[in-house]
Amino acid sequence: MDLEVLRKKQPAEVDLELVGALIARTQKENGEIPWHPGGKTDPWDHVESAMGLAICGYLRQARLAYQWLTGCQLSDGSWYASYQDGTPLDKTRDTNVTAYIAVGVYHYYLMTGDLDFLEQMWTPVSSAIDFAIGLQAKTGEIYWAKNPDLKIDPMALLTGSSSIFMSLKCALAVAKELGIRREDWKTAAIKLQKAISSGYHLFNIAKSHYSMDWFYPVLCGALTHEAARKRLDQYWKKFVVEEMGVLCVSNRPWITIAETCELVLALAATENENVGEIVFNWMNERRFEDGTYWCGFTYPDMVIWPEEKITWTNGVLLMAADALYHLSPASRLFNHRFWQQAAVLE
C-alpha cells in the first residue's frame, strides 16, 4: 500500500501512518515483533502485527516477520506459545497460535498477489495446519494445546477454535491458489464449523464471560446471516459500554482497544459497517500523544492500563480501519460475502 494513498483514504481523525510506524520501529532486525520493546513475543500477536505492517505499506518488514516464524517453527509444525528475546518462554504448543500463520500469509498474498511468497510459505503453513487439525476431536472442536510434556490437553476453547476455522479457510485459499487439494482440511473445517454453530456445549464454558467468545464465531464466519446477527445482538449489552468500547471480560471494568477493533471487524464482516464505524469512532481519544493507541483502560475511572504501547493492539486497529475504509487490497479478508465467493468449503 502506498503511504500517500493511505493518507488520502484513512479517516481524518486517525493517523494510521503513525500507528504502523510504531510496529515497524518495535520490530527486531531478525523480523520478530514483540508486544513492546523488551516484551515477549507470541506467534499469534506477531502475525497480527505483521498484517498491520502490510496495510501501512511495510511489505519488506511484514515478509521478514513471516521469515522469522519459519525460522523457529518446531518439527511438528507448531510454535511455542511465547518467546522472550528468541528464547522459548512458554513451551505450550497452542493450536490456535500455530494455525494463525495461514491468515497472515493469505493476507500478504491479497496485499501483493505474490505467488512466489505463497510457494515459499506453503510448507510452514501446511505443517502448522496439520498440527492443529491433528488435535481435532471426533465431534469437531479442536483441543487447545499440547502441554510442555507433549500431552494433549483435552479442552476446547470457543475463541481459539473459531480463530482456527478462519485459519483453515485461509489455508484452503492458499492451497487453491497453488493448485493443491487438501480434502482433509476441508473436512476438518466443515466439522469445526458444525461444532462452533451447535450451541457451544463442546467448549469450555468458563470462558463465556470473555467478549471474544461472544463475537469470534461471527468474526471467523462460522456463523453467518441471521445466526450472526442474532449472536451479536444477544450479548451486546453484556460486553459493550456505549461510547466507550468493549469489555475484555464482562465482570471486570477493563475496556480494551483490541477487542473493540475485533468487534468492528465482525460488524464489517457482516456488512454492518455503519455500526462498525460508530464503534470505531469511540476510540478516537484513546491515544497517546504520538498518535498510537492504548491497550486498554479501566472504566469508569479511566486509568490507562497497561502503559506500554502494544504492537498487536495497533495492528488490529489498522485491520479494523482497513475493513471499514478499504485502505488495502486485503480489506475484505474477514468479509462473509468474500468467503462465500471464494467457495473454499464447497
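FYI, it's all coordinate maths here, none of it is from the lab. Just so we're clear, the structure is a prediction, and the values are computed from it rather than from any experiment. As a convention, Cβ positions derive from the backbone with ideal geometry for all residues, glycine included, and neighbour counts pool all protein chains shown.
Numbers for the structure displayed
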item: Residue check for Lys207: touching a residue at least 60 places away in the same chain (Cβ under 8 Å) and closer than 28 Å to Trp144 by Cβ; result: no
item: Count of segment 240-290 residues which are out of contact with any helix residue (DSSP H, G or I) (no Cβ under 8 Å at 6 or more places or on another chain) and closer than 23 Å to His209 by Cα; result: 9
item: Looking only at segment 53-112, and only at residues there that are touching a strand residue (DSSP E or B) at 6+ places or on another chain (Cβ under 8 Å) and aliphatic (A, V, I, L, M), the one that is farthest from Ile152 (Cα to Cα); result: Leu89
item: Some residue of segment 114-135 being of a type in the set (S, T, N, Q) and in contact with a Leu (Cβ under 8 Å, 6 or more places away or on another chain); result: no
item: Hits in segment 274-300 (condition: more than 22 Å from His46 (Cα to Cα), without any contact (Cβ under 8 Å) to a residue 12 or more places away in the chain and either touching a Leu at 6+ places or on another chain (Cβ under 7 Å) or of a type outside the set (Val, Ile, Thr) (or both)); result: Asn274, Val275, Glu285, Glu289
item: Members of segment 61-102 found to be β-branched (Val, Ile, Thr) and surrounded by fewer than 24 Cβ atoms within 10 Å (Cβ to Cβ), listed by number; result: Thr70, Thr87, Thr92
item: Helices (runs of 4 or more DSSP H) wholly inside segment 90-159 containing at least 1 residues that are in contact with a Lys or Arg (Cβ under 8 Å, 6 or more places away or on another chain); result: 101-112, 115-133
item: All positions within segment 58-80 that are over 17 Å from the mean Cα position of the chain (by Cα), among the aromatic types (Phe, Trp, Tyr) and not in a helix (DSSP H, G or I); result: Tyr58, Tyr80
